[in-house]
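As structure tokens, the structure follows; a few thoughts come after it.
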Amino acid sequence: MSQSPPPPLLPRVAAGESEALNACLERYAGPVWWLANRYLPRRADAEEAVQDVFLDLWRHAGRFDPSVAAEKTFVLTIARRRLIDRRRRLSARPEALGEPPEQPADQPAAVETLAIEDESARVRAELAQLPDGQREVIEMAVDRGMSQTEIAAKTGLPLGTVKSHARRGMRTLRDRLRSPTPSSAHSAAPASPSPRIRETL
Amino acid sequence: MSRAPRPPSLDDRADLALFGPSADPNLDGASADPSSGLSTGWPDDFPDEFEALAAALTTVPADFSAPADLMASLRADAEAFKVDAAQAPAPPALAAAAESDAPAGAKATAAKAAGTVSLWTLAGWALALSLGALLLWPSADVNPVPTEDSPSGTAVSEAAFEDLTPNAARERLLFSDSLIRVAMEGKEDDASRGVGPAGETLWDAVEQVGVMALTGLKPNDPAEFQYQLWIFDAERDERYPVDGGVFDIPAGAGPDDAALIPFVARLPVNEATLFAVTVEPPGGVVVSDRSRLPAAGTVSL
């Protein structure tokens, strides 16, 4: 059963409501911190990255358009961009970026989705239907922020194969999620041009 | 005659969503081919459909919280952002977004947001009034330890730094190449309230200046006691840390209000190892007995 998302805060940030900044922290600091821990093994790097994410978020609050994506999706998109950038910069210093942690130390056992519950569950369900190679590459990129080169080194796959797995997997996911029927009809008609994913994510 | 950029391909967008932009298309991330439309980093729609997909694939635990010291730093950032946004003629980042990384489709949105400056300005005036009461400089003339080896070379930079508002001082430090960030932790003390003090100290080892951001300290009556800031130096006797001045938490400060405390080392600090706050008699002391030490933060190696 899906819950309706709370009213968005970013339009209030863009409109200059100072209280919305702190409300934004209360709502999203935990998820962004979680993601930062996944992408950046060193605590200091993760903390600085989270601060960068929120400054970026506030500065670009005016770009949030609820007709394009849900606020949580917007926040996580900003966060992933900044975390990927930082991780790539750090990767130039191997000592600063060890093996990404399998799990942050204080991770609760049960993992739930942040994005709108049933939609995110649906996306994850579709991911599970992908061929193993495609699924694993996407999971390593999304869950741990690993680069194509890192994934190639980790899996032993040629770099070109990593790229093709990632691309095919993402295109397949997009096509399936555009379809109005959930996962059961994967081999059925190709994607409809419905912008459903944009409306619901 | 310039060639119109080709729209990004689906593969470009998938790469970008999963791996981010890259300067080297042969290695990681999306193509950096200038004609691909991705050379500035991100596609026109925000987020792009593939990016939204990658975000939706992201799972986080329910009720996962950021640590208290990070939250204190974030709240301090929020305070600084409010003031900056209020003081700026136009939000610089929005302007920058409109001119640089913001794609055409986003410019209108950015411009629309820029139209909200007047509200920020109004909020900022009110905020500046409250910050004026809350964010206090440590007394410049409190307990300067007379010494012959005062850092003569830092006189100019000290004066310039002390002319800044607390928020401006913090902002300046954030862009310093010699910045050290130290998480502050609360210690058991009567001056603590709620979950206790937490925050962050920014320290510029070259300029010998810093800004401490702290939440969770009780307001004090300056006639009764004051807070005093100390800098421990690896090359000095541990019994005699360097004085950073005294400061007060005003009566109206809430437990979550972040007090920004700019400070200047009274003596040269060669290698800061720890920043601490003690509770002292009005005016501070030359040597603290450290019987009350509500907050401290150790410099990570």
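The values are calculated or read from the model by the stated rules, or taken from the named source; none is laboratory data. Computed from a predicted structure; not experimentally measured. Quick reminder, even Gly has a Cβ in these numbers, built from the backbone with ideal geometry, and neighbours come from all protein chains shown.
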- Report whether or not A:Asp85 is within 19 Å of the chain's Cα centre (by Cα), surrounded by fewer than 23 Cβ atoms within 10 Å (Cβ to Cβ), facing another protein chain (nearest Cβ under 7 Å) and not hydrophobic (A, V, I, L, M, F, W, C). yes
- Query: In segment B:234-259, how many residues are buried (at least 20 other Cβ atoms within 10 Å of the Cβ) and not hydrophobic (A, V, I, L, M, F, W, C)?
  - Reply: 6
- Item | Single residue of segment B:51-70 satisfying the filter (touching a Phe, Trp or Tyr at 6+ places or on another chain (Cβ under 9 Å) and aliphatic (A, V, I, L, M)) that is farthest from A:Leu57 (Cα to Cα) | B:Val60
- Query: Which of the helices (runs of 4 or more DSSP H) contained wholly in segment B:45-111 include at least 1 residues that are more than 7 Å from every other protein chain (Cβ to nearest Cβ) and either under 19 Å from B:Leu174 (Cβ atoms) or modelled with pLDDT of 85 or more (or both)?
  - Reply: B:68-87, B:92-99
- Item | segment B:185-213, residues that are at pLDDT 90 or above and assigned to a strand (DSSP E or B) | B:Thr201, B:Leu202, B:Trp203, B:Asp204, B:Val209, B:Gly210, B:Val211, B:Met212
- Consider A:Val53 carefully, then state whether it is part of a helix (DSSP H, G or I), crowded, with 18+ Cβ neighbours inside 10 Å and either at positive phi or in contact (Cβ under 8 Å) with a residue 40 or more places away in the chain (or both). no
- Query: If you go through segment A:64-75 one residue at a time, do you hit one that is more than 20 Å from A:Pro6 (Cβ to Cβ), assigned to a helix (DSSP H, G or I), facing chain B (nearest Cβ under 9 Å) and under 18 Å from the mean Cα position of the chain (by Cα)?
  - Reply: no
- Would you check if B:Val285 is surrounded by 17 or more Cβ atoms within 10 Å (Cβ to Cβ) and either farther than 22 Å from B:Asn167 by Cα or among the aliphatic types (A, V, I, L, M) (or both)? no
- Within segment A:40-88, restricting attention to residues that are within 14 Å of A:Ala14 (Cβ to Cβ) and of a type in the set (Asp, Glu), which residue is modelled with the lowest pLDDT? A:Asp65
- Message: Here is a check on your reading of the model: is B:Ile231 part of a loop (DSSP other than H, G, I, E, B), of a type in the set (Val, Ile, Thr) and over 16 Å from B:Ala169 (Cα atoms)?
- Response: no
- Note on the structure: Exception for A:Leu35 within (1) crowded, with 18+ Cβ neighbours inside 10 Å; (2) under 20 Å from A:Met146 (Cβ atoms); (3) more than 7 Å from every other protein chain (Cβ to nearest Cβ) falls at (3)
